[in-house]
1. If I ask for residues that are in contact with a His (Cβ under 9 Å, 6 or more places away or on another chain) and under 17 Å from B:PRO258 (Cα atoms), which ones from segment A:213-241 would you list?
2. Any idea which of B:ALA261, B:ALA277 is modelled with pLDDT under 80 and away from every other protein chain (no Cβ under 12 Å)?
3. So which residues in segment A:182-198 are assigned to a loop (DSSP other than H, G, I, E, B) and more than 8 Å from chain B (Cβ to nearest Cβ), if there are any at all?
4. Within segment B:183-237, considering only strands (runs of 3 or more DSSP E) that don't extend past its boundaries, which have at least 3 residues that are among the aliphatic types (A, V, I, L, M) and more than 9 Å from chain A (Cβ to nearest Cβ)?
5. With B:LEU51, B:LEU28, B:LEU36 as the choices, which residue is at pLDDT 95 or above, touching a Leu at 6+ places or on another chain (Cβ under 8 Å) and of a type outside the set (Val, Ile, Thr)?
6. Can you go through B:ILE192, B:ILE176 and tell me which one is touching a residue at least 40 places away in the same chain (Cβ under 8 Å) and of a type in the set (Val, Ile, Thr)?
7. Give the number of residues within segment A:107-166 that are in contact with a Leu (Cβ under 7 Å, 6 or more places away or on another chain), loosely packed, with under 15 Cβ neighbours inside 10 Å and at pLDDT below 90.
8. For segment B:222-231, check the following and say yes or no: at least one residue is on the phi > 0 side of the Ramachandran plot and buried (at least 19 other Cβ atoms within 10 Å of the Cβ).
Amino acid sequence: MGEIVVEGRNITRDYHVGGTVFSAARVVHAVKGVSFAVERGKTLAIVGESGCGKSTLARIITLIDAQTGGELFLEGQKIDIRRNEMTPAIRRKVQIVFQNPYGSLNPRQKIGDVLMEPLLINTDKPASERRELAMEMLTKVGLGPEHFNRYPHMFSGGQRQRIAIARALMLKPSLLVLDEPVSALDLSVQAQVLNLLSDLQDEFQLTYVFISHDLAVVRYIADHVMVMYYGEAVEYGTRDNVFASPQHDYTKVLFAATPRADVDSIRARLAKKKAA
Amino acid sequence: MALLEIKNLVVEFQTASGPFRAVNGVSLAVSEREVLAIVGESGSGKSVSMLAVMGLLPWTARVTADTMSFAGRDLLKISPSERRKIIGKDIAMIFQEPMASLNPCFTVGFQIEETLRFHLGLDRAQRRARAIELLKAVGIPQPEERLSSFPHQMSGGQCQRVMIAIAIACNPKLLIADEPTTALDVTIQKQILDLLVGLQAKYGMGLIMITHNMGVVAETADRVIVQYKGRKMEEADVLSLFEAPKHPYTKMLLSALPENATGDRLPTMKGFVLDEASVPGAA
């Protein structure tokens, strides 16, 4: 077994909502005791419908939000963002890529500045070196040096997602959280971005936590799969196990609901229609 | 005879840098009791061609076609007031964002009854009875109470059901669904697709399903049109399209599906150049 990069033990997150003139205060249990561990260079996919707590879990892993209970370990070190002194060194280990490439880039910031900003804030590298690293990263994600001085509106959705990935990789994180990174993209562009993620994983030994609701994508990219339902992890295992023999009813419902694009299922559907 | 027939449709938008062709010579026909899927990536002109049929394009658009007829009526020559009598009654459309396409200021019941009042002229009691019947047909529990709900009090899936209820209110002959399930979870998507196909079979409607999702195509369509950059690339019945795609673009699109992945990398569109000679109907 390889080195564990990120581990969660019984993580919970409660939100207190209401308590105004209009509604009584109540507690929403967004994440209810979820445990997981991801080895270096592997991908954990978290699947579930909207409101199941998968993005809340992503925020906790990314150290944006604190868990209410449970323990989070990053490269063996216990992290609690409410207590620990959060050093830049810890923050640098985890980066996130968001779903909407149109909303996650500042429209008034040039791409070069987007990529150099993490270095400016977190390191004391001189400007010339920052520039060099940003150029290097641009070519790594399949863009070119000519894109350095352009603004986000000059790029397509797929290119913007490449920029968002490049920005996340500038500080050489060991863990990358991808929150629905390809949901907003066209099929052919989705294929390119998924390939890029695989290439980068091989090159930098990156660990991914990949959040998605698309089972076809998950089956393609994941090593381990966690299915969440109302804040609980109802299914957790290797990809092959989960897809071959789903145990929980919700997982079975999810699989049954996923549209199938293979010839046999089309034949079966047409035959059924004819009979009706 | 085809219900909707379009020949050589061209839609151009006036932009600062000259006219932009969003739809370039698309021909299609859909009959009663038929499910036609139009599939393509963003910018392929699949929505624009249907908006042209509905007459919902902004004034900057210039629509030309050799034929555009619905149930024997020429949609190109029809006056706007005549068109308004057809749109919403005989042709209805469902849009992608259910939350955004309902008016947040009015109750669900009001919005369903508005259609019934305008097109069918039913009285108050009849409208209410029909609205309850419609909400039942689209599978909303406790329809009597739901009539006085506002859109924000319902989930995305339920809003889409209300949209479908409005669309089928006047028993349309043709239903156009523009990405009806894109904003929904897979389990809800399944329910909505089953509902649409069920209603289509029950009422014998023609159904045009606009989507970018090959899975949705495979689950619903009888016949498929593949569009790319405003052109029609391929038209085939659903089985032959998935079994033996003819056009290179269709092949590429199907091989980019993650479920069809063979190696550890997906084939991509990189280097795909549209061969003009391969476009059907191109001179």
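The values are calculated or read from the model by the stated rules, or taken from the named source; none is laboratory data. These numbers were taken from a predicted model, which means no experiment stands behind them. No Cβ is skipped: glycine too gets one built from the backbone with ideal geometry, and neighbour counts run over all protein chains shown.
1. A:ARG239 - this is the single residue of segment A:213-241 that is in contact with a His (Cβ under 9 Å, 6 or more places away or on another chain) and under 17 Å from B:PRO258 (Cα atoms).
2. Numbers: B:ALA261 fails: away from every other protein chain (no Cβ under 12 Å).
Exactly one of B:ALA261, B:ALA277 is modelled with pLDDT under 80 and away from every other protein chain (no Cβ under 12 Å), namely B:ALA277.
3. Residues of segment A:182-198 assigned to a loop (DSSP other than H, G, I, E, B): A:182-186.
Listed by number, the residues that qualify are A:VAL182, A:SER183, A:ALA184, A:LEU185.
4. Working: elements: B:206-211, B:223-228, B:231-237.
Once the strands (runs of 3 or more DSSP E) in segment B:183-237 are filtered for at least 3 residues that are among the aliphatic types (A, V, I, L, M) and more than 9 Å from chain A (Cβ to nearest Cβ), what remains is B:206-211, B:223-228.
5. Details: B:LEU51 fails: at pLDDT 95 or above; B:LEU28 fails: at pLDDT 95 or above.
B:LEU36 is the lone residue from the list that is at pLDDT 95 or above, touching a Leu at 6+ places or on another chain (Cβ under 8 Å) and of a type outside the set (Val, Ile, Thr).
6. On the way: B:ILE192 fails: touching a residue at least 40 places away in the same chain (Cβ under 8 Å).
Exactly one of B:ILE192, B:ILE176 is touching a residue at least 40 places away in the same chain (Cβ under 8 Å) and of a type in the set (Val, Ile, Thr), namely B:ILE176.
7. Residues flagged as in contact with a Leu (Cβ under 7 Å, 6 or more places away or on another chain), loosely packed, with under 15 Cβ neighbours inside 10 Å and at pLDDT below 90 within segment A:107-166 amount to 3.
8. Just the residues of segment B:222-231 that are on the phi > 0 side of the Ramachandran plot, to begin with: B:229-230.
When the remaining residues are screened for being buried (at least 19 other Cβ atoms within 10 Å of the Cβ), the result is B:230.
Yes: one or more hits.
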